[in-house]
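Everything on this sheet refers to the single structure shown next.
No lab work stands behind these numbers, since they all come straight from the coordinates. Since this is a predicted model, take the numbers as computed values, not measurements. Backbone-built Cβ (ideal geometry, glycine too); neighbour counts: all protein chains shown.
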Amino acid sequence: MTAAPRLADAHRLVVKIGSALLVDPASAAPRAGWLAGLAADIAALRARGTEVIVVSSGAIALARRALGLTRARLRLEEKQAAAAVGQIRLAQAWAGALADVGLTAAQLLLTLEDTEDRRRYLNARATLQTLLAMGTIPVINENDTVATAEIRFGDNDRLAARVAEMVEADQLILLSDIDGLYTADPRRDPAARHLPVVAAITPEIEAMGGEPPPGYSSGGMRTKLAAARIATQAGSAMAIARGHAVDHPLAALEAGARCTWFLPAPEGRSARKRWIAGALAPLGVLIVDAGAARALAAGGSLLPAGVRGVEGAFERGDPVLVRGPDGTALAQGLAAYASADAARIAGHRSDAIETILGWRGRDELIHRDDLVLLGG
Ligand code: GLU
């Protein structure tokens with residue numbers, strides 16, 4: 001069997017926390033002690049250089065009682081109202097717990113559209129990268145109050161997987177009330193076997209997801225498997241681990257607590273590159289000099305300094321073709337600047353971008369993560 005990934009090897013980690021872990025059912029308040037333990041684990045990872053992003057549920061659960069919404073099933077607008085009240089409490093809990101271990105929390109509220117629309121996607125990704133570079137801990141939830149039924153993730157398992165994909169995280173950890181995937185529901189079937197490593201999400205594995213849980217709860221094994229499919233296809237490993245009644249859940253995972261690891265698909269990271277290279281028709285052309293052509297061939301990003309010409313009309317995030325001085329198509333990528341801005345910064349050093357445009361965007365005109373070399 002292939003070895004399971006180790007938390008210690010991750011450069012960038014996304015951790016998803018469900019409402020049931022974070023919110024005490026008796027008091028309907030955040031479980032401060034548990035959160036303190038998790039924050040300490042995050043601080044330990046961060047101190048070793050691992051970047052950590054949190055995806056946290058709990059907004060609705062933190063507000064239901066205060067609003068008298070105690071029925072098991074809520075209408076969409078009731079959930080959205082509860083989220084509006086509870087998100088403040090959730091953010092406060094995280095900001096406090098992280099501040100206690102010397103970390104700064106940053107809140108992002110995303111919808112499905114933000115992860116599918118190319119421009120919003122690039123914006124959200126750039127913000128996340130900046131926040132990580134600044135040493136903060138992004139804490140993400142779904143923007144429940146604006147999401148309509150059609151554009152809701154509805155569950156944070158899938159949101160967390162999209163975030164892992166967006167930031168190219170090495171690992172996604174879903175902290176749950178169960179320590180992984182079993183061949184059948186272990187609460188009902190005593191013969192159910194725990195699976196420590198899942199190399200591929202086959203139809204047999206999908207069948208182990210069972211039925212979605214009844215009532216209010218949005219998660220269950222089915223959405224975790226959907227998350228595993230997204231994350232592993234994007235090149236991230238994913239673990240389902242127990243967070244319930246475990247005071248330092250990430251430290252416990254590192255120390256070998258039982259969990260299920262889903263291994264990244266071998267083709268994972270290249271899938272996005274194929275999408276950039278194949279699925280999108282370029283809307284413009286950047287003509288680069290010989291130095292930039294060499295830098296691209298060596299795996300570098302495209303800096304404005306090496307750009308000699310800009311053709312076509314494109315917006316930030318649109319696909320563009322990169323041609324060499326002799327017209328050869330060298331690469332395709334997603335532009336970090338709209339064509340008008342690209343034309344103005346072309347030929348200039350990146351530290352002049354702010355003076356030229358009046359605002360400072362990325363140093364690169366196309367970041368290497370958004371660039372695919374053509375022609376072999
Ligand atoms: N976004 C919802 C909340 O914060 C939770 C969704 C989920 O738990 O999957 O309450």
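Tabulated values for the structure
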read-out: Normalised contact order of the chain, rounded percent, pairs of Cα under 8 Å and 6 or more residues apart; value: 15
read-out: Stokes-Einstein translational diffusion, segment 1-150 - Kirkwood Rh over all Cα pairs, 1.567 mPa s, 4 °C, in µm²/s; value: 79
read-out: Ratio Rg/Rh [Cα only; Rh per Kirkwood] for segment 261-352; value: 1.03
read-out: Segment 164-187 residues near the modelled ASP369 label - backbone nitrogen below 13 Å, point 7 Å along Cα→Cβ; value: 164-171
read-out: Charge tally in the Cβ shell below 9 Å around ALA241, where Lys, Arg are +1 and Asp, Glu are -1, ALA241 excluded; value: +1
read-out: Rg/Rh for segment 1-75, where both radii come from Cα atoms and Rh is the Kirkwood radius; value: 1.12
read-out: Summed side-chain charge close to LEU286 - residues other than LEU286 whose Cβ falls under 13 Å, Lys, Arg +1, Asp, Glu -1; value: -4
read-out: Whole-number percent relative contact order across segment 159-268, with pairs defined as alpha carbons under 8 Å at least 6 apart; value: 38
read-out: Set of lysines with alpha-carbon distance to LYS16 below 23 Å, sequence-local pairs under 8 removed; value: LYS79, LYS224
read-out: Coarse-grained scattering of the chain at q = 0.13, 0.15 Å⁻¹, given as base-10 log I(q)/I(0) from a Debye sum over alpha-carbon atoms; value: -1.07, -1.29
read-out: Linear extension gain, TRP359 paired with LEU76, 0.36 nm per residue minus alpha-carbon span; value: 97.9 nm
read-out: Helix axis angle, 118-133 relative to the chain longest principal axis, alpha carbon, degrees; value: 80
